[in-house]
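Encoded as structure tokens, the structure appears first; notes follow it.
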Amino acid sequence: MFWTDRHLTPDDLTKTLRRDVAEGLAAVPKTLPPKWFYDQRGSALFDRITRLPEYYPTRAEHAALHNHAGEIVRAAGADTLVELGSGSGEKTRLLLEALRARASLNGFVPVDVSGEFLEEAATRIAAEYPDMRVHVAVADFERHAHLLPTRGRRLVAMLGSTIGNQTPEGRRALLADLHGTMAPGETLLLGLDLVKSRERLLAAYDDSRGVTAEFNRNVLHVVNRGLDADFEPDAFDHVACWNEESEWVEMRLRARERQRVHLTALDLTVDFASGEDVRTEISAKFRRDRVSSELARAGFTVRGWWTDPGEDFALVLAEV
Ligand code: AVJ
């Protein structure tokens, strides 16, 4: 059984891109939101990042899930997996397998903004689990949480430290919003990258092969194509820095020299000073006490905390 709900059209996406870019480039300092990294090329580059020796989060999260998926689904008591920001599907399968092993797998709801990619991955999974209901939701979980299918007892997973892209204020809003859409007894599973040495963090976001640099510049290719703009991606340097006070990694693009960019679809001209930065991503790193208090503030109770053997990455399960 396979359904698709579409809460987002390609037209909606273009509208959001226009708004995000117009607001971000008018801000001081300039910003571009990280959700625009992931066109086809950006997704392929991210996939390469996850296999880099310096980028430990994906492997660490996989190890934690591999070791603890059984305990997690037992604590959750769920029969339906909702996956917000569905990734490659490898981590999904570990959770689906654990649910099937308890004979409590009824439904799977993958949620993402890009329909094509999502339906393709979901079709493959549906074929592997013929008795499971697959309900694809093309949606932005930052805006459409209340429109997601509610059937079954849901385990809502947001893996890959995706929530780390939010500011503390954004996290507060997102957690409160999710809490408001979940029924008593349902659970939220977050994958969270943990605070660690500055050296390891910076290496993970500035790899020696330059894949992350190319991923970072890709947002300019996306803006060029989407808004008929003339950014020269190679005229920007990739910069990663650790913000000690806020405990997040920042990625920026730094103009190598003075430049002027035209965004035809916005009827906008933007000037960059030599050395001026555009902030393209924050990637927050977490500590257990802060996570517990943020979840409590949104109305959740923490039911479990699991890590990989190296304690680089955590999975936290919170009940409504
Ligand atoms: C997918 C948002 C979790 O923040 O580590 C990887 C994206 N950026 N390298 C992260 C990313 C640079 C990644 N997230």
Counting only helical runs of four or more DSSP H residues, what would the 222 nm mean residue ellipticity of the chain come to if each run contributes -39,500 (n - 2.57) and the total is spread over all its residues? -12000 deg cm²/dmol
Area accessible to solvent at Tyr38, 1.4 Å probe radius, in Å²: 90
By how many nm would the segment from Trp305 to Arg41 lengthen if fully extended, with 0.36 nm per residue of separation less the alpha-carbon distance? 91.6 nm
List the aspartates and glutamates whose alpha-carbon lies under 16 Å from that of Lys91, not counting same-chain residues fewer than 8 positions away? Asp47, Glu61, Glu71, Glu83, Asp112, Glu128, Asp193, Asp308
Going from most exposed to least, what order do Thr31, Thr92 have by accessible area with a 1.4 Å probe? Thr31, Thr92
Principal axes first, then extents: for the Cα atoms of segment 53-110, list largest minus smallest coordinate on each axis, whole Å, largest first. 37, 22, 14
Could you name the lysines in cross-link range of Lys196, using Cα to Cα under 16 Å and dropping any fewer than eight places away on the same chain? Lys285
Any idea what diffusion coefficient the chain gets from Stokes-Einstein, in µm²/s, Kirkwood Rh on alpha carbon pairs, 25 °C, 0.890 mPa s? 120
Which is the longest stretch in the chain that no exposed loop site breaks, taking sites as GluC sites (Glu not before Pro) with a DSSP loop state and at most 11 other Cβ atoms within 10 Å? 1-243
Note to self: with every protein chain in place and a 1.4 Å probe, the chain gives an accessible area per residue in Å² of 45
Relative contact order computed over segment 82-157 (Cα-Cα under 8 Å; 6+ residues apart), in percent: 38
Leaving out ligands, DNA and RNA, and with a 1.4 Å probe, what % of the accessible surface on segment 2-117 is carbon or sulfur? 54
The ³J(HN,Hα) series, computed from each phi in segment 42-50 with the Karplus coefficients 6.51, -1.76 and 1.60 at θ = phi - 60°, rounded to the nearest Hz and given as x for glycine or proline, is x, 5, 5, 5, 4, 4, 5, 4, 5
Relative contact order, percent, of the chain when contacts are C-alpha pairs under 8 Å separated by at least 6 residues? 23
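The values are calculated or read from the model by the stated rules, or taken from the named source; none is laboratory data. Quick caveat, the model's predicted, so the values are computed rather than measured. Glycine gets a Cβ as well: all are built from the backbone with ideal geometry, and neighbour counts include every protein chain shown. Heads up: the accessible areas ignore ligands, DNA and RNA and are worked out on the full protein's heavy atoms, side chains in. Shrake-Rupley method; radii C 1.70, N 1.55, O 1.52, S 1.80 Å.
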